[in-house]
Amino acid sequence: MEDHNFYGELVISALSKASKKGYSILLLSNDNENDLINNLRFGKAPIDGAILLAPNIDDSRLSEIQNNSIECVIIGRPSKNIRYDYIDVDNYNLTREVTELLLNNYDKVYLLNADSKLTIVQDRKDGFFDVCNEKHIDPSDKYITDLEGTIEEGYKLGIEKAEKNVAFITCNSFLAAGLYKAINKKKLKVGEDVGVFALGKSQTDYIFTPKLSYAKQDYKLIGSKAVEMLINQIESKDVMHCVLIKSKLRIHSSIRK
(Lines give C-alpha, C1' and ligand atoms only; values in the text may rest on other atoms or scores of the structure.)
Protein backbone atom coordinates (compact mmCIF):
# COMPACT_ATOMS: atom_id res chain seq x y z
CA MET A 1 0.00 0.00 0.00
CA GLU A 2 1.39 3.37 -1.00
CA ASP A 3 2.06 5.62 1.99
CA HIS A 4 -0.67 8.28 2.07
CA ASN A 5 0.28 10.08 5.29
CA PHE A 6 0.93 13.15 3.18
CA TYR A 7 -2.84 13.45 2.48
CA GLY A 8 -3.45 15.50 5.62
CA GLU A 9 -1.06 18.25 4.56
CA LEU A 10 -2.32 18.18 0.98
CA VAL A 11 -6.02 18.16 1.89
CA ILE A 12 -5.73 21.06 4.36
CA SER A 13 -3.94 23.13 1.74
CA ALA A 14 -6.54 22.34 -0.94
CA LEU A 15 -9.61 22.95 1.22
CA SER A 16 -8.20 26.19 2.59
CA LYS A 17 -7.57 27.53 -0.91
CA ALA A 18 -11.05 26.51 -2.13
CA SER A 19 -12.78 27.97 0.92
CA LYS A 20 -11.09 31.35 0.46
CA LYS A 21 -12.39 31.42 -3.12
CA GLY A 22 -15.91 30.38 -2.09
CA TYR A 23 -15.99 27.02 -3.84
CA SER A 24 -17.21 23.60 -2.69
CA ILE A 25 -14.96 20.79 -3.90
CA LEU A 26 -14.92 17.02 -3.48
CA LEU A 27 -11.59 15.38 -2.66
CA LEU A 28 -11.45 11.74 -3.74
CA SER A 29 -8.91 9.24 -2.46
CA ASN A 30 -8.43 5.66 -3.62
CA ASP A 31 -10.41 4.39 -0.62
CA ASN A 32 -13.88 5.62 -1.55
CA GLU A 33 -14.48 4.56 -5.16
CA ASN A 34 -17.87 2.89 -4.60
CA ASP A 35 -19.18 5.74 -2.41
CA LEU A 36 -18.20 8.25 -5.05
CA ILE A 37 -19.92 6.41 -7.89
CA ASN A 38 -23.12 5.93 -5.87
CA ASN A 39 -23.22 9.60 -4.82
CA LEU A 40 -22.74 10.82 -8.37
CA ARG A 41 -25.33 8.45 -9.82
CA PHE A 42 -27.99 9.49 -7.33
CA GLY A 43 -27.21 13.22 -7.38
CA LYS A 44 -25.83 13.40 -3.85
CA ALA A 45 -22.72 15.43 -4.63
CA PRO A 46 -23.62 19.17 -4.78
CA ILE A 47 -20.14 20.40 -5.68
CA ASP A 48 -18.45 22.92 -7.94
CA GLY A 49 -15.68 20.51 -8.89
CA ALA A 50 -13.59 17.53 -7.83
CA ILE A 51 -9.96 16.71 -7.12
CA LEU A 52 -9.00 13.08 -7.49
CA LEU A 53 -5.93 11.67 -5.71
CA ALA A 54 -3.62 8.87 -6.90
CA PRO A 55 -5.45 7.60 -10.00
CA ASN A 56 -5.35 4.01 -11.16
CA ILE A 57 -4.33 3.11 -14.70
CA ASP A 58 -7.97 2.15 -15.43
CA ASP A 59 -9.96 4.33 -13.07
CA SER A 60 -13.75 3.98 -13.12
CA ARG A 61 -14.14 7.14 -11.02
CA LEU A 62 -12.92 9.29 -13.89
CA SER A 63 -15.47 7.82 -16.30
CA GLU A 64 -18.24 8.57 -13.80
CA ILE A 65 -16.97 12.13 -13.32
CA GLN A 66 -16.87 12.64 -17.08
CA ASN A 67 -20.39 11.22 -17.49
CA ASN A 68 -21.69 13.73 -14.93
CA SER A 69 -19.86 16.67 -16.58
CA ILE A 70 -18.04 17.56 -13.36
CA GLU A 71 -14.98 19.77 -13.57
CA CYS A 72 -12.01 17.82 -12.22
CA VAL A 73 -8.28 18.11 -11.59
CA ILE A 74 -6.22 15.01 -10.86
CA ILE A 75 -3.34 14.81 -8.41
CA GLY A 76 -1.22 12.14 -10.05
CA ARG A 77 -0.89 11.23 -13.72
CA PRO A 78 -4.06 9.81 -15.31
CA SER A 79 -3.93 7.15 -18.01
CA LYS A 80 -3.22 8.47 -21.49
CA ASN A 81 -6.86 8.27 -22.70
CA ILE A 82 -8.13 10.60 -19.92
CA ARG A 83 -8.20 14.28 -20.81
CA TYR A 84 -8.20 16.17 -17.52
CA ASP A 85 -5.84 18.74 -16.06
CA TYR A 86 -3.45 17.15 -13.62
CA ILE A 87 -0.61 17.97 -11.27
CA ASP A 88 1.93 15.38 -10.26
CA VAL A 89 5.34 14.76 -8.79
CA ASP A 90 7.77 14.08 -11.64
CA ASN A 91 8.11 10.43 -10.62
CA TYR A 92 9.77 9.31 -13.84
CA ASN A 93 12.72 11.69 -13.59
CA LEU A 94 12.92 11.32 -9.80
CA THR A 95 13.39 7.57 -10.12
CA ARG A 96 15.86 8.04 -12.98
CA GLU A 97 17.95 10.41 -10.88
CA VAL A 98 18.00 8.11 -7.84
CA THR A 99 18.74 5.00 -9.92
CA GLU A 100 21.68 6.69 -11.65
CA LEU A 101 23.01 7.94 -8.32
CA LEU A 102 22.94 4.48 -6.75
CA LEU A 103 24.31 2.65 -9.78
CA ASN A 104 27.33 4.95 -9.64
CA ASN A 105 28.01 3.76 -6.09
CA TYR A 106 26.73 0.16 -5.87
CA ASP A 107 26.99 -2.93 -8.07
CA LYS A 108 23.27 -3.75 -8.02
CA VAL A 109 20.10 -1.73 -7.38
CA TYR A 110 16.60 -3.00 -6.60
CA LEU A 111 13.38 -1.00 -6.95
CA LEU A 112 10.69 -2.01 -4.44
CA ASN A 113 7.45 -0.64 -5.87
CA ALA A 114 3.79 -0.49 -4.82
CA ASP A 115 0.51 -1.54 -6.47
CA SER A 116 1.06 -1.90 -10.22
CA LYS A 117 -2.43 -0.55 -11.03
CA LEU A 118 -1.34 2.97 -9.97
CA THR A 119 0.09 5.33 -12.60
CA ILE A 120 2.72 6.56 -10.12
CA VAL A 121 4.07 3.01 -9.95
CA GLN A 122 4.27 2.77 -13.75
CA ASP A 123 6.19 6.06 -13.95
CA ARG A 124 8.70 4.87 -11.35
CA LYS A 125 9.12 1.58 -13.18
CA ASP A 126 9.73 3.35 -16.50
CA GLY A 127 12.41 5.58 -14.98
CA PHE A 128 14.15 2.61 -13.38
CA PHE A 129 14.00 0.39 -16.47
CA ASP A 130 15.20 3.14 -18.81
CA VAL A 131 18.33 3.85 -16.76
CA CYS A 132 19.11 0.13 -16.40
CA ASN A 133 18.67 -0.47 -20.13
CA GLU A 134 20.88 2.50 -20.98
CA LYS A 135 23.60 0.98 -18.80
CA HIS A 136 23.04 -2.48 -20.36
CA ILE A 137 21.71 -3.92 -17.11
CA ASP A 138 18.80 -6.36 -17.10
CA PRO A 139 16.27 -4.79 -14.68
CA SER A 140 13.70 -7.60 -14.69
CA ASP A 141 15.11 -9.51 -11.71
CA LYS A 142 15.75 -6.30 -9.76
CA TYR A 143 12.22 -4.93 -9.98
CA ILE A 144 9.72 -6.00 -7.31
CA THR A 145 6.18 -4.65 -7.46
CA ASP A 146 2.68 -5.02 -5.96
CA LEU A 147 4.06 -4.57 -2.46
CA GLU A 148 1.82 -3.33 0.34
CA GLY A 149 4.70 -1.21 1.63
CA THR A 150 5.04 -2.69 5.12
CA ILE A 151 7.98 -3.02 7.50
CA GLU A 152 7.51 -6.79 7.40
CA GLU A 153 7.88 -6.88 3.61
CA GLY A 154 11.02 -4.76 3.80
CA TYR A 155 12.53 -7.08 6.40
CA LYS A 156 11.77 -10.20 4.36
CA LEU A 157 13.23 -8.74 1.16
CA GLY A 158 16.28 -7.51 3.07
CA ILE A 159 16.94 -10.98 4.47
CA GLU A 160 16.62 -12.43 0.96
CA LYS A 161 18.54 -9.86 -1.08
CA ALA A 162 20.73 -7.58 1.06
CA GLU A 163 24.44 -8.11 0.51
CA LYS A 164 27.53 -5.99 0.08
CA ASN A 165 27.44 -3.45 -2.75
CA VAL A 166 23.66 -3.70 -3.20
CA ALA A 167 21.24 -0.78 -2.88
CA PHE A 168 17.46 -0.53 -2.57
CA ILE A 169 15.02 2.14 -3.75
CA THR A 170 11.77 1.85 -1.79
CA CYS A 171 8.35 3.36 -2.51
CA ASN A 172 8.01 4.45 1.13
CA SER A 173 9.93 4.62 4.39
CA PHE A 174 8.18 1.65 6.00
CA LEU A 175 9.88 -0.71 3.55
CA ALA A 176 13.11 1.13 4.31
CA ALA A 177 12.61 0.51 8.05
CA GLY A 178 12.24 -3.21 7.40
CA LEU A 179 15.38 -3.21 5.28
CA TYR A 180 17.33 -1.52 8.07
CA LYS A 181 16.33 -4.31 10.46
CA ALA A 182 17.31 -7.04 8.00
CA ILE A 183 20.63 -5.39 7.12
CA ASN A 184 21.54 -5.12 10.80
CA LYS A 185 20.44 -8.73 11.34
CA LYS A 186 22.87 -9.83 8.62
CA LYS A 187 25.73 -7.91 10.30
CA LEU A 188 25.98 -5.48 7.39
CA LYS A 189 26.13 -1.68 7.60
CA VAL A 190 23.45 0.55 6.10
CA GLY A 191 25.05 3.01 3.69
CA GLU A 192 28.52 1.58 3.78
CA ASP A 193 27.65 -1.98 2.70
CA VAL A 194 24.02 -1.67 1.59
CA GLY A 195 22.34 1.51 0.33
CA VAL A 196 18.73 2.46 1.12
CA PHE A 197 16.80 5.34 -0.48
CA ALA A 198 13.06 6.03 0.01
CA LEU A 199 11.05 7.79 -2.72
CA GLY A 200 8.70 9.05 0.00
CA LYS A 201 9.06 9.48 3.76
CA SER A 202 6.32 9.38 6.37
CA GLN A 203 6.25 12.27 8.82
CA THR A 204 5.28 9.96 11.67
CA ASP A 205 7.83 7.17 11.50
CA TYR A 206 10.68 6.61 13.90
CA ILE A 207 14.25 7.90 13.71
CA PHE A 208 16.50 6.04 11.27
CA THR A 209 20.09 5.30 12.28
CA PRO A 210 21.98 6.07 10.11
CA LYS A 211 19.75 8.87 8.80
CA LEU A 212 17.58 7.83 5.85
CA SER A 213 18.08 9.34 2.39
CA TYR A 214 14.74 10.20 0.77
CA ALA A 215 12.85 12.36 -1.71
CA LYS A 216 10.85 15.27 -0.30
CA GLN A 217 7.72 16.55 -2.04
CA ASP A 218 5.94 19.86 -1.39
CA TYR A 219 2.38 18.60 -0.82
CA LYS A 220 1.11 21.98 0.37
CA LEU A 221 2.09 23.41 -2.99
CA ILE A 222 0.48 20.50 -4.84
CA GLY A 223 -2.82 20.88 -2.97
CA SER A 224 -2.95 24.63 -3.47
CA LYS A 225 -2.00 24.41 -7.13
CA ALA A 226 -4.60 21.70 -7.81
CA VAL A 227 -7.38 23.96 -6.49
CA GLU A 228 -6.04 26.88 -8.50
CA MET A 229 -6.17 24.74 -11.65
CA LEU A 230 -9.71 23.56 -10.81
CA ILE A 231 -11.00 27.11 -10.24
CA ASN A 232 -9.42 28.15 -13.52
CA GLN A 233 -11.39 25.37 -15.23
CA ILE A 234 -14.66 26.38 -13.55
CA GLU A 235 -14.29 30.08 -14.32
CA SER A 236 -12.67 30.17 -17.73
CA LYS A 237 -12.79 26.64 -19.21
CA ASP A 238 -9.07 26.82 -19.87
CA VAL A 239 -7.43 24.24 -22.14
CA MET A 240 -6.03 21.06 -20.61
CA HIS A 241 -2.57 21.28 -19.15
CA CYS A 242 -0.40 19.52 -16.62
CA VAL A 243 2.09 20.61 -13.96
CA LEU A 244 5.01 18.46 -12.82
CA ILE A 245 6.64 19.16 -9.45
CA LYS A 246 10.28 18.27 -8.93
CA SER A 247 11.20 16.46 -5.71
CA LYS A 248 14.15 17.46 -3.55
CA LEU A 249 16.67 14.75 -2.72
CA ARG A 250 17.70 14.60 0.93
CA ILE A 251 20.99 12.70 0.85
CA HIS A 252 22.09 11.28 4.20
CA SER A 253 24.21 8.42 5.51
CA SER A 254 22.01 5.58 4.26
CA ILE A 255 23.77 5.72 0.88
CA ARG A 256 27.34 6.29 -0.26
CA LYS A 257 27.89 9.88 -1.32
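A few notes on this one:
- Portion, in percent, of the accessible area of the chain that falls on carbon or sulfur, probe 1.4 Å: 48 percent
- Farthest toward the positive end of the dipole of the chain, out of Gly149, Gly127, Gly195, is the Cα of Gly195, where the dipole comes from beta carbon charges about the Cα centre.
- Of the listed residues His136, His252, the order by accessible area with a 1.4 Å probe, largest first, is His136, His252.
- For Tyr110, solvent-accessible area (1.4 Å; no DNA, RNA or ligand), Å²: 20 Å²
- Sparsely packed loop sites in segment 73-152 (the GluC sites (Glu not before Pro) outside DSSP H, G, I, E and B with at most 14 other Cβ atoms within 10 Å) comprise Glu148.
- Here segment 112-257 is assigned +1 on the Cβ of each Lys and Arg and -1 on the Cβ of each Asp and Glu. Its dipole about the Cα centre then comes out at about 760 debye.
- DSSP-defined antiparallel bridges as percent of all bridges, the chain, nearest 5: 10 percent
- Accessible surface of Phe129 - all protein chains present, 1.4 Å probe, nearest 10 Å²: 50 Å²
- Structure note, pairs Lys80/Lys248; Lys142/Lys187; Lys161/Lys201; Lys20/Lys80: Cα-Cα distances above 29 angstrom occur for Lys20/Lys80.
- Selection from Thr99, Ser19, Asn113 lying farthest towards where the dipole of the chain points positive, charges on Cβ: Thr99
- Net charge over other residues, Cβ less than 11 angstrom from the Cβ of Glu163 (K, R count +1; D, E count -1): +1
- Ignoring lysines fewer than eight residues from Lys21 along the same chain, the ones with Cα atoms less than 28 angstrom from its Cα are Lys44, Lys220, Lys225, Lys237, Lys246.
- Entry note, the chain: the mean residue ellipticity at 222 nm calculated from DSSP H runs of n ≥ 4, each adding -39500 (n - 2.57), is -12500 deg cm²/dmol after division by the residues and rounding to the nearest 500.
- Heavy atoms of Lys211 accessible to a 1.4 Å probe, total area in Å² rounded to 10: 120 Å²
- Accessible area (Å², per residue) of the chain, counting only protein heavy atoms and a probe of 1.4 Å: 48 Å²
- Using C-alpha pairs under 8 Å with a sequence gap of at least 6, the mean separation divided by the residue count of the chain gives a relative contact order of 23 percent.
The values are calculated or read from the model by the stated rules, or taken from the named source; none is laboratory data. In this text the structure is predicted, and so the values were computed from the model without any measurement. So basically every Cβ, Gly included, is an ideal-geometry build from the backbone, and we count neighbours across all protein chains shown. Ligands, DNA and RNA are stripped out before the accessible areas are found, and what is left, the full protein with its side chains, is counted by its heavy atoms. Shrake-Rupley method; radii C 1.70, N 1.55, O 1.52, S 1.80 Å.
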